[in-house]
Structure formats: structure tokens, C-alpha cells
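Notes follow the structure.
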Amino acid sequence: MTDSATATTAGSTPPPPRLPGLVPAPVDLPGRVAGLRAEVRSFVADELAAGAWTPREDTWLSGWDERFSTELGKRGWLGMTVPTEYGGHGRGALERYVVTEELLAAGAPVAAHWVADRQIGPSLLRFGTEEQRQAFLPGIARGEIYFGIGMSEPDSGSDLASVRSRADRVDGGWELTGTKVWTSGAHHAHAFFALVRTSPKDDTDRHAGLSQLIVELDRPGITIRPIPLLTGAHHFNEVVFDKVFVPDTRVLGEIGQGWHQVTSELAFERSGPERYLSTFPLLVALLREISAQDLDAGRRRDLGGLVARYWTLRRLSLSIAGALEAGEAPELSAAVVKDLGTRFENEVIDAARLLWSVPPDPRAEAGYARLLADAVLHAPGFTLRGGTNEILRGIVARGLGLR
Ligand SMILES: Cc1cc2nc3c(=O)[nH]c(=O)nc-3n(C[C@H](O)[C@H](O)[C@H](O)COP(=O)(O)OP(=O)(O)OC[C@H]3O[C@@H](n4cnc5c(N)ncnc54)[C@H](O)[C@@H]3O)c2cc1C
């Protein structure tokens, strides 16, 4: 059966179906990045040889290592896309992509600088004042200033527009009251962008009256309490504001424009290689473990399928990096990468459990059992953090005009 959209002339190759706004133009990495990739690999090899860290899963969430971040800063691998007048390196999104990809693939401890480098820098460039850029960007590029994300609240996760943290106008600034939750790294970070209500809720426009404040986390009136992970590790937090004064100089962008600003920040948060590489060290370890085995055709097909999917996701994620480099705002395709990528991360774990039956051991210091344990224990968060898959599918459906 054919229809007008799929019929082709015999012998010709049908063009791939294009959904407007869903998949940006394909991108090939320029030749110049090969040298950069080699440099990062050599640095990683030296660090591993020196025993500086052990490769782990999901290190952009849990691998907090300030020494490592400052080493990257010294090599010019943070703030790569930030202009040089703000202490950055004026390089492209694709070069940044290569560095990020190499570090994640190696299971390197990148959590300390992660949020600042990924989304705070670009947001400051887009919405920040000159003073804010000068205050934060050079330290971010050196790997010395760390940020968290202050979006979610006890009753506001998927429905972010319902946040209840409130900032009231006072002399010279704003007085902040409320609670944020699941705040990754807030107990180490210097600051976060808090999404707060600055004018009462308007039932005709739920997104109006929201603003972003840059909250320095050592201000009086802030209490940070741990929320332990399944592993018992202290990664995320509850952050309570009790009449915290935030000066006017720490308003990000425009009062009332918080929703617009936060959604553009989320494109940076959702599209990167971390959305399909959290379990990559496990995939590599799995391939190593079973390479010597005589696998039956079905298992070989399953493994081949996983690797092929990894390459497809990488193509898609790279095309988004290309779109970001071209100054586009690929929110829709970022949502697709995050949905498909986080499901892929979980399938790597399923494959690891089925194909190589070593039980996960959270007490192991390193190796396959440890990687599998980390992956299993972190897996519940993959499809939640940064917006759940159900929410992402809603974004895609709306973007395509399907609802
Ligand atoms: C590891 C990890 C790190 C995190 N770090 C941070 C951080 O640093 N800063 C921060 O602000 N937040 C952070 N979060 C919070 C994260 O953004 C929220 O967990 C997420 O947005 C979901 O919100 P929720 O947990 O309140 O779930 P809910 O919104 O209550 O959702 C519960 C379930 O209902 C479904 N659901 C909700 N609404 C709909 C709908 N309209 N249609 C269909 N299904 C729906 C969801 O998909 C989900 O399955 C982190 C979360 C995790 C797991």
C-alpha cells in the first residue's frame, strides 16, 4: 500500500520524512575538532594513570570534584562558547560538544561545573546585565564558580508555572520566601537561578508574573537540607528561603519574564550528550566483558541494536548542538533527544543485566559490578530530571500542532 507521501519512483531513494521544527539539519563535526578530541583523550588518560579518579556512571550528577573542574578550566575547556571579554574562549558549540562527549564517555567527575557551564553561562549571556556577566562568567570559565537549578518545589515539578516561592518588593531589591526541592548540588554551589512569583497569580495567563533571581546561597535566611538518594548519598537538597534579601542587581533579565527565560534555559538543559551517555561507561564495559564470548545471533543482534541506537541519538544530539551554534532555539528537538536518550540509558542497564549476569554491587570500588550498581540506583532519575518524558511528549505534540 502506498500513499502520496510515501510513493516513490522505482529506483530512486525516498527523501527522509521531515517534520518541521522537530529535527534540525544534520551536522558533521568539522575536521578541526579531531585535534581537540585527541587532547582531551590524552588528558583523561593521564588523569586515570595518576589514579586521580575512578570512572563512574552518571558523573554529571554525582561526580563532584572541584580540582578536576579547575583543571578543565586551566585547559580552556569550560566556558568554551563564552566570549573572551568575559573570561571565556570564544569557541563553538560543536567544540564544546566534543569535550563534553569525551569526558562523559570516560566517566569523568564533571558535576561541580556542570550546571554553570551548560546553562547558566548561556543564560547570563542572553539575559544577564554587564555587571552579572563580569561577576560570574570568568569564575565559571575557570571552573571555580558553581551553580545549581532552583526550579522545582514540593508541589511544582512538571507543572512548573505553579511555583509558590514568592519575592516581594522591598527597598533596593526583593524579599524571598518559599521552598525549592531536588536541588542538585545546592550544598556545594555558590548560587542558583530561582524561578519565583513576583506578582500574584493571573488565572488568564499562568505564565505571567514569574521572574528569575540569582540567589547566592550563603545569604542570611537560607537553610539547605539534604534529601538522600537511594544509595544514601547526599546529592540533592531542600532549600528554604526565610525572608531572604536579593538585591536588584541580582534580578536576571526582566521582572515578569521568568517563564520565557526559563524555557530557553531548558533547551540547553535537555539536548546535550549527557541525556544518552549517563550509562555509556557501562555499555563500554559490557562490550569488553562479552567480546571474548561466543554470543548467539539473538544476543549479537540486541547488542548491535543498542550501539546503532547510540549512533542515531548522537547524530540527533549533534544536530541540536549545530542549531544552538547557529543561534536557533531547538526546544522541540531537545525534548525528543531527552525522551529517546533517557530511555536508551535504561535499555543499556537492561541489556547489561541480561547479557552479563554479574550482580550489581554497590560496595565494589570500581569495575563492572560497581558501574552496574551505580546505573541501577540512579536509573529512576534519568527520565524525571530536566522534565519527565510524559511532559516532553506533551511539548513535542503541542509543537507539532497535534494537541
Ligand atoms: C536526579 C534528579 C535531579 C534533579 N535536580 C533538580 C535540580 O537541580 N533543580 C530542580 O529544580 N529540580 C530538580 N529535579 C526535579 C525534577 O525536575 C522533577 O522531579 C521533575 O520535573 C518532575 O516533577 P515532580 O518530581 O514534582 O513530579 P510530578 O510533576 O509530580 O509528576 C509525577 C508523575 O506524573 C506525571 N505527570 C505530571 N503531569 C503530567 C501531565 N500533564 N501529563 C502526563 N503526565 C504527567 C509525570 O510525568 C510523573 O511521571 C531533579 C530530579 C531528579 C530525579
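The values are calculated or read from the model by the stated rules, or taken from the named source; none is laboratory data. Every value quoted in this text rests on a predicted model; they were computed, and no experiment measured them. Heads up, the Cβs are rebuilt from the backbone with ideal geometry, glycines too, and the neighbour counts pull from every protein chain shown.
What is the one condition in (1) surrounded by fewer than 18 Cβ atoms within 10 Å (Cβ to Cβ); (2) more than 23 Å from Ala106 (Cα to Cα); (3) within 16 Å of the ligand (Cβ to nearest atom) that Arg343 does not satisfy?
For Arg343, the failing item is (2).
Tell me which residues, restricted to region 307-321, are modelled with pLDDT of 90 or more and not aromatic (Phe, Trp, Tyr).
Val307, Ala308, Arg309, Thr312, Leu313, Arg314, Arg315, Leu316, Ser317, Leu318, Ser319
Does Gly150 satisfy the criteria of being small (Gly, Ala, Ser), closer than 24 Å to Arg206 by Cα and crowded, with 22+ Cβ neighbours inside 10 Å? Full working, then the answer.
Numbers: small (Gly, Ala, Ser): yes; closer than 24 Å to Arg206 by Cα: yes; crowded, with 22+ Cβ neighbours inside 10 Å: yes.
Judged against the criteria, Gly150 is a match.
Suppose we keep only residues that are more than 16 Å from the ligand (Cβ to nearest atom) and among the hydrophobic types (A, V, I, L, M, F, W, C) within region 127-160. Which one would you say is nearest to Leu392 (Cα to Cα)?
Phe127
So which residues in region 267-292 are more than 21 Å from His378 (Cβ to Cβ) and touching a Leu at 6+ places or on another chain (Cβ under 9 Å)?
Ala267, Phe268, Ile290
Kindly evaluate Ala45 against the criterion of being more than 16 Å from the ligand (Cβ to nearest atom) and surrounded by fewer than 11 Cβ atoms within 10 Å (Cβ to Cβ).
Numbers: more than 16 Å from the ligand (Cβ to nearest atom): yes; surrounded by fewer than 11 Cβ atoms within 10 Å (Cβ to Cβ): no.
No, not satisfied.
State yes or no: is Gly305 free of Cβ contacts under 8 Å to residues at least 12 places away in the same chain, assigned to a helix (DSSP H, G or I) and away from the ligand (no atom under 16 Å from the Cβ)?
Spelling it out, Gly305 is indeed free of Cβ contacts under 8 Å to residues at least 12 places away in the same chain, assigned to a helix (DSSP H, G or I) and away from the ligand (no atom under 16 Å from the Cβ).
For region 95-109, enumerate the residues that are under 17 Å from Ala285 (Cβ atoms) and assigned to a loop (DSSP other than H, G, I, E, B).
Ala106, Gly107, Ala108, listed by residue number.
Are there any pairs with C-beta distances below 6 angstrom linking a residue in region 267-296 that is under 14 Å from Gly107 (Cβ atoms) to a residue that is among the small types (Gly, Ala, Ser) and crowded, with 24+ Cβ neighbours inside 10 Å, with the two at least 6 apart or on different chains, and if so which?
Here the result reads Pro273/Ser317; Thr279/Ala375; Pro281/Gly107; Leu282/Ala352; Leu282/Ala375; Leu286/Ala352, each pair linking region 267-296 to a residue that is among the small types (Gly, Ala, Ser) and crowded, with 24+ Cβ neighbours inside 10 Å.
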